[in-house]
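Each remark here refers to the structure printed beneath this line.
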Amino acid sequence: MRKMTDTQTSILEGDVRQYRYRLEIWDVLTSGAPTIAQIVNGSAAAASATFSAFYLDATPFVGQPLRLDEPGDKRAAHLTFTLLDISGQFNPDGGTATATFVQNNQVVRLVEGDEALASASWIATFTGHIRGQVGFTTDREGIRFQASVAAYGRRATPRYLKQGFTSQTYGKQVDLGRIAIDVARQQMGLGDDELNRAPIALGRGTQFAANSIVDLTPLEAIDKILEVVGQASDFDGDGRLRYYNRDVTRGADKQYDTLQLIGSVTIPQAEIEAFNSVKLIGLDKQIALVEQPEQALARAMIPVGFWRPTHEIEVLWSEDRSLRARNATLAVLTSVNQSLLFELGTERFTVIDDFSGRISVDITSYVNGLLTMIGVTLAAKALIPDVLNVFAAITIPVGRIIEALLMAEIYLALATVSSGQYEVRGTALLPVYQELSVIVTADGVLDYLLNQKEIRNDWFNELTEMTTVAQLELIFEDAQAKPREFSVHNDLELEIGDIVYLPIGGGLRIWIESFSKEIARGMVPMMRVAGYKCP
Amino acid sequence: MPRDLLRILLAERAQATIPEMDGEIISRFTLVPFDTGGTLMPVAEVRIGGDIVSGVPVAANNQELLEAIPGTPVRLRRSQTGRIEIVGLSKRAFGNTYSFTLVLPRSLPTTSGGLITTSSILISGAVSGFSSRTVTLGELATVSGFGFTPLEALALYNQSNTFLRLL
């Protein structure tokens, strides 16, 4: 719904109207010209002295009729008109200064209002660019010069529609609305004033640690984001980006209490293959872990000996702790017990977490005891005296004999060294995205009449939100099978995506998909509005 | 409306030209005599969405793929006539599919004038999904009688881990 002031509403929707319009053409290509952002936000107003040279009020030249089509369904608005004048100043080959205004890509605005309303309060209903070459006819018999011009709304801007881009990377819990606004700012070059109808927050955050958009066009990217909350993007008459709601079950945005302004209501014959089932495919916010074949995760060599009671070594499955594995087991390639003399210890393996483990070798208490004994006996041997044999007149070196025995102990202790070689084997786990699908089918659909619409969107990450959107989409698709049309005396409040209520047959709510009007001088145009009957 | 028809045709056209899709290997690779000459080719069973396709070959001798174990997500390429081959590993695995039935909202005129509006009712239906793993020792005895199923045999299970069939 376009917002209007009370004054605007009372005059523009009244019974007595003096309809007027203004066709503005802006030169945006010559140096020093205003930008489209300045035209949209009004800083390059028609009265502005700075930009007066770049402004042409083409209203006096407009030949009848001037036609405005807003086809909806994510397509650009389309304005066609002819310019008539006696001097041929719009001739593209004529070399006049005025001809620059009808060059490709110049900006055209249609501003509608009323004689009784100050022209500053008139409402812009179309902002777009001239597309292609202006047609020009010099008719000698009719003695007239006629230029035909076609302009398309901002949605048709090639960069918005066709140029793929790569976005920056967003982290976790970034509001999707912020990403959409960033795309509009960075890729479409829209400024604050062109974005003040686009909500900054959609109340829905990103779920993964890294989120980026690669090789989508800006409008595709924005619409994919908006799909998550059941919305779609559009440009309004002022040339500002706006969103509209695809929920057809919501209340009416505008209610006509009488049929005074309504011309006709039509139920058209229509060949429509309506979808009766909607399948949404998103990515589960939980990353799935897929098992890989068993592999060697780590190898380690541990030298052991008398010098430490427990030998420990921590092993990682990958140097950067990125590899995750389960069922990790220790394989002993060479045991510490395959040593020369004794069994040296027990080998243990503990899994620390999914990324690492610990290999330990506990030295047997015998080795510890041996070490203590060495200490004690070395101290004791010094105290043992030699014995004198008086009969043989010799001195028996008891101390030395005992010392030799003790040296054998030291020799044993030094021999108590070994090394073990180990390998940790396990099942590596590969993290992968897991697709989540939701199918909502209309009740009572026969198998062979199933017509399913598939929507793939990686921004969907939760079952509940997917169910809600799939339900909303199915009701929308079901409504598409029931097109309705009506004509209304130029109602400038209406925009695509609005729901209007008509007091017909107990009440009829119509979701507006498109409209068109032909504007001629001196009469209030009839708007032909097409849409779908809301349930 | 020709416009709607055009949209549907375009959507179908887009669907028809998608040459690649994601799948999931659910069996081990086995060598089978693939042509009349008996050329041996490694093939596996692959799950695509809710469907299972048998005898899917690997695009080239990709060792990493041949060693892939059941449950590994793979990238598949489809020919114009619908034949598929495994071309690589994928980052997307299948999850479950949740199906619902929706009683659509309706506005129905009443005999006394005015409308009666029904609201939409969402009826939750089935959850479907597949996984494959080696049968447990207990299942070895129950699936086909003790002694018939070899140790480490693979089987297909549904989303609630109920045995479906041996692979």
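Rounded, prolate or oblate, given the Cα gyration tensor of region A:4-62, with a/c below 1.5 counting as rounded? Prolate, because a/c is 1.5 or more and a/b exceeds b/c. Which is the longest run of chain A containing none of the chymotrypsin sites (Phe, Trp or Tyr not before Pro) found in DSSP loop states (not H, G, I, E, B) with at most 13 other C-beta atoms within 10 Å? Formally, the longest exposed-site-free interval is A:1-306. Computed from the alpha carbon atoms alone, the convex hull of region B:90-167 holds 145 Å³ per residue.
Coupling constants for region A:229-245 follow from the phi torsions by the Karplus curve (6.51 cos²θ - 1.76 cosθ + 1.60, θ = phi - 60°), and in residue order they are 10, x, 10, 9, 9, 7, 10, 7, x, 7, x, 9, 6, 9, 10, 10, 9 Hz; glycine and proline get x. Here the alpha carbons of region A:182-224 define both size measures, Rg and Dmax, at 11.5, 32 Å. Taking a straight Cα-Cα cut-off under 17 Å and skipping sequence neighbours fewer than 8 places away in the same chain, the lysines within cross-link reach of A:K482 are A:K533. Could you tell me what fraction of 2.2 N^0.38 Å the Cα radius of gyration of the protein assembly as shown comes to, as a two-decimal ratio? In units of the 2.2 N^0.38 Å rule of thumb, it is 1.50. Just to compare against my own numbers: the Cα pair-distance distribution for region A:152-201, 5 Å bins, whole % per bin, please. Calculated over all Cα pairs of region A:152-201, the distribution is 5, 18, 27, 24, 19, 6, 2, 0 percent. Positive-end ranking of B:A93, B:T136, B:V103 along the dipole of region B:85-167, with charges on Cβ about the Cα centre, is headed by B:V103.
Contact order, relative form, for chain A: 18 percent (alpha carbon pairs under 8 Å, 6 or more residues apart, mean separation divided by residue count).
Expressed as a fraction of 2.2 N^0.38 Å, the C-alpha radius of gyration for region A:294-350 is 1.32. Dividing the summed helix terms, -39500 (n - 2.57) for each DSSP H run of n ≥ 4, by the number of residues in chain A produces a 222 nm estimate of -5500 deg cm²/dmol to the nearest 500. Under the criterion of Cα pairs below 8 Å and six or more residues apart, the relative contact order for region A:275-359 equals 28 percent. Working note: Cα gyration tensor of region A:51-120, eigenvalues times five, square-rooted, sorted largest first, giving semi-axes of 23, 18, 13 Å. The relative contact order of region B:18-59 comes to 33 percent, based on Cα pairs under 8 Å that sit 6 or more residues apart. Let a ≥ b ≥ c be the square roots of the eigenvalues of the Cα gyration tensor of region A:25-142; is it rounded (a/c under 1.5), or, if not, prolate (a/b larger than b/c) or oblate? Rounded. Projecting the Cα atoms of A:G531, A:I363, A:I222 onto the charge dipole of chain A (Cβ charges, centred on the Cα centre) puts A:I363 farthest toward the positive pole.
Within chain A, the longest run free of exposed loop sites, counting trypsin sites (Lys or Arg not before Pro) that sit outside DSSP helix and strand states (H, G, I, E, B) and have at most 10 other Cβ atoms within 10 Å, spans A:141-535. What do you get for the angle between helix A:218-227 and the principal long axis of chain A? Use alpha-carbon atoms, 0 to 90 degrees, nearest ten. The helix A:218-227 is inclined about 80 degrees to chain A.
Evaluating 6.51 cos²θ - 1.76 cosθ + 1.60 at θ = phi - 60° for every residue in region A:398-413, the Karplus couplings come out as 4, x, 5, 4, 5, 4, 4, 4, 5, 4, 5, 4, 4, 4, 4, 4 Hz, glycine and proline recorded as x. Extent of region A:142-244 along its three principal axes (Cα atoms, max minus min coordinate, largest first): 69, 25, 23 Å. Under conditions of 20 °C and 1.002 mPa s, region A:367-481 yields 92 µm² s⁻¹ as its translational diffusion coefficient, taking Rh as the Kirkwood radius over Cα pairs in the Stokes-Einstein equation. In sequence order, region A:288-299 has phi-based couplings of 8, 10, 9, 6, 10, x, 4, 8, 6, 8, 7, 10 Hz under the Karplus curve 6.51 cos²θ - 1.76 cosθ + 1.60, θ = phi - 60°, and Gly or Pro positions carry x. Taking the empirical scaling 2.2 N^0.38 Å for compact globular proteins as reference, region A:423-535 has a Cα radius of gyration ratio of 1.71.
Think of the protein assembly as shown as a dipole: +1 on every Lys or Arg Cβ, -1 on every Asp or Glu Cβ, centred on the Cα centre; then among A:I36, A:T468, A:L494, A:I36 lies furthest on the positive end.
Once the mean of 1/r is taken over each pair of separate Cα atoms and inverted, region A:294-434 shows a Kirkwood hydrodynamic radius of 18.3 Å. Once the gyration tensor of the Cα atoms in region A:487-535 is diagonalised, the equivalent ellipsoid follows with semi-axes of 22, 12, 8 Å, ordered largest first. Could you work out how far helix A:365-381 tilts from the main Cα principal axis of chain A, as a 0 to 90 degree angle to the nearest 10? That helix lies at roughly 40 degrees to the long axis. Rg and Dmax of region A:69-209, based on Cα coordinates, read 20.6, 71 Å.
No value in this document is a laboratory result; all are computed from the given coordinates. Note that the coordinates shown come from a computational prediction; the quantities given were computed from them, not determined experimentally. FYI the Cβ positions are ideal-geometry reconstructions off the backbone, even for glycines, and counts take in every protein chain you see.
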